[in-house]
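Since the structure comes first, as structure tokens, the remarks are kept for the end.
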Amino acid sequence: DDGGSSLIAQRGRTSQDDLGVLGLRRVVEGRQRVADASGGRMAAAAGGTMGAAAGGRRMRGGRRLKWEDEGASKPYEWRCAPDHGKVPAAIAATPRGGRAEDDVGEPPDGILKLQSAEGEVFEVRAELLWASSLIRSVVADAGLDEEIPLPKAPTEIVAFFLGLCAPSRRADDGLGLRDISEEDFGGLMWLAKLLDMQRVLLQQLAHLVNDEFPDVYVGIPAELQMLLLRHASDTLQSAALCHILRSVVRAPMSKMYASGIVLAITPLIGSQDEKVRAAALEAFMYFRVVEAKLVLLEHRDFGARANANRFLREATRSDETVGAVLQLAANHHSFLVREAAAKALGGIASVGHELAVQTLADLLADEAREVREAASGALRGIGGTDDPVVIAAVIRQALSEDWPVRSAALAVLAAIAPSKRELVEDLATAMQNGGATMAKMAAARVLQSMRSVKELRDSTQRDSEEQRDNIAGAHGSPPSSLAGPRWGDESGEED
């Protein structure tokens, strides 16, 4: 009756007869549970029908009782909603549990013989390993009688692998994650890759995590945590999944490993489980990796976008990051994302960056006021001073027929083109003299801002001159306006 434990304990030719008996028992018990559940549903449905016929409907919280909530099957949409009238680009769905298994057909009724690196032979039913493309190929070529060598696979690893894959595995059969060292885990993954059964192995390891959680949580290798998130998250229980999400982003890792973590967590942000969604979002907000912050720029939560913006402004600048943010700013269907991306460009793009300047100048004509204001602020940061390329890009928008676009462009010109003051004043005056009331008010604000800047500069210059005069007077020299001819002047008196 201990098929799983005997599979590990035996050496030489290991029989799977007990395994088959326990597997059959598991199937019978499963069918019985399904039958009991179906009977309960039928009885409840019959009772509900009779109650309705009698004129009384059971209500709870103002809703009729249903077997299945229609909203529960809908995926949670975590990305920002598209602007009115805009259709978002198709986003390929990322399966939570990895790729779907191909149709491998019915396994033959027979015994397979697997040979470990030490020469030990394990006899297992074909159905146990029929998901392996290697096994199917060998059986198709040589039949079931051929021994299948497993090079570099020690006997203990083969026994452990077969025990994990056994359908009769129980929580008390002696198999546990505490028995898997880093070296053993590497051997298990190598054997699973050889047999093309990585997903099967990870699903079984996820069951072990569920059985032993939270006691075994501390001992899970970081690499296994990432693989479980990416290929077996649908098998993990909610509590174990949330703990792994919070832990995996805090472990030291390489850049390539971090990219894999981002790919694994991203689908979980849209999980139907509210706790898993919250843990995934928390992990990304803590995760100090550019790829994670680029995902958060598209999140519907304002705090998530603000978190991404702060990190990107402080992170090391790179062309890849700037290019990714440029794509979001130029092409995203949601104005919230375009606004966040425009703000990020003001902090990560270098001064005078041609593509960034052109994109931000185009965003001055965006339909959303928030995007225009974000682009205006970013251009003031990276536009430099009197840069002819930047000025030309902004002037093109200052000549637009739409007064909101002209207003945003004039505000930028007033800040980045002090040498073009007269041009900006002429454009603002022209907009103030004609057009709608809002256009006149916007032009007045631009002119007032320019006057305030000029007054501030003049006041600063006067204060500087007075300070120099005070310093000169403190050293015994008269102010520059009262000083007489200095020594050596032609008009000076002889010494």
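The values are calculated or read from the model by the stated rules, or taken from the named source; none is laboratory data. From a predicted model like this one, the values you see are computed outputs, not experimental measurements. All Cβ positions, even for glycine, are placed from backbone atoms using ideal geometry, and neighbour counts span all protein chains on display. Note: accessible area is taken over every heavy atom of the protein model, side chains too, but ligands, DNA and RNA are not part of it. Shrake-Rupley method; radii C 1.70, N 1.55, O 1.52, S 1.80 Å.
Averaging sequence separations of C-alpha pairs under 8 Å and six or more residues apart, then dividing by the length of region 346-428, give the relative contact order as a whole percent.
Working: 107 pairs, mean separation 24.4, N = 83.
So the answer I get is 29 percent.
Take the cross-link list Lys255/Lys293; Lys343/Lys420; Lys152/Lys193 and give me the ones stretching past 18 Å between alpha-carbons. The partial results should precede the final answer.
On the way: Lys255/Lys293 14 Å; Lys343/Lys420 26 Å; Lys152/Lys193 12 Å.
The pairs that break the limit, which is 18 Å between Cα atoms, are Lys343/Lys420.
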Burial ranking of peptide ranges 245-258, 380-393, 295-308 (average Cβ count within 10 Å, highest at the top) = 295-308, 380-393, 245-258
task = Roll a 1.4 Å probe over the protein chains and send me the accessible area per residue for region 296-431 in Å².
result = 44 Å²
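Go through 362-371, 396-405 and give me the packing order, highest mean Cβ count within 10 Å leading.
Per-residue mean Cβ counts within 10 Å order the peptides as 362-371, 396-405.
Give me the net charge of Thr359's neighbourhood, meaning all other residues with Cβ under 12 Å from the Cβ of Thr359; Lys, Arg count +1, Asp, Glu -1. Before the final figure, lay out the partial values.
Numbers: positive: Arg338; negative: Glu354, Asp362, Asp366.
Spelling it out: positives minus negatives among the neighbours equals -2.
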ask   = Using a Förster distance of 25 Å, how high is the FRET efficiency between Arg396 and Thr266, based on the Cβ-Cβ distance and rounded to 0.05?
value = 0.10
message = If DNA, RNA and ligands are ignored and the probe is 1.4 Å, what is the ranking of Thr316, Thr460, Thr437, Thr321 by accessible area, most exposed first?
response = Thr316, Thr437, Thr460, Thr321
task = Pop the C-beta distance of Ser350 and Ser419 into the FRET formula with R0 = 25 Å and round what comes out to the nearest 0.05.
result = 0.70
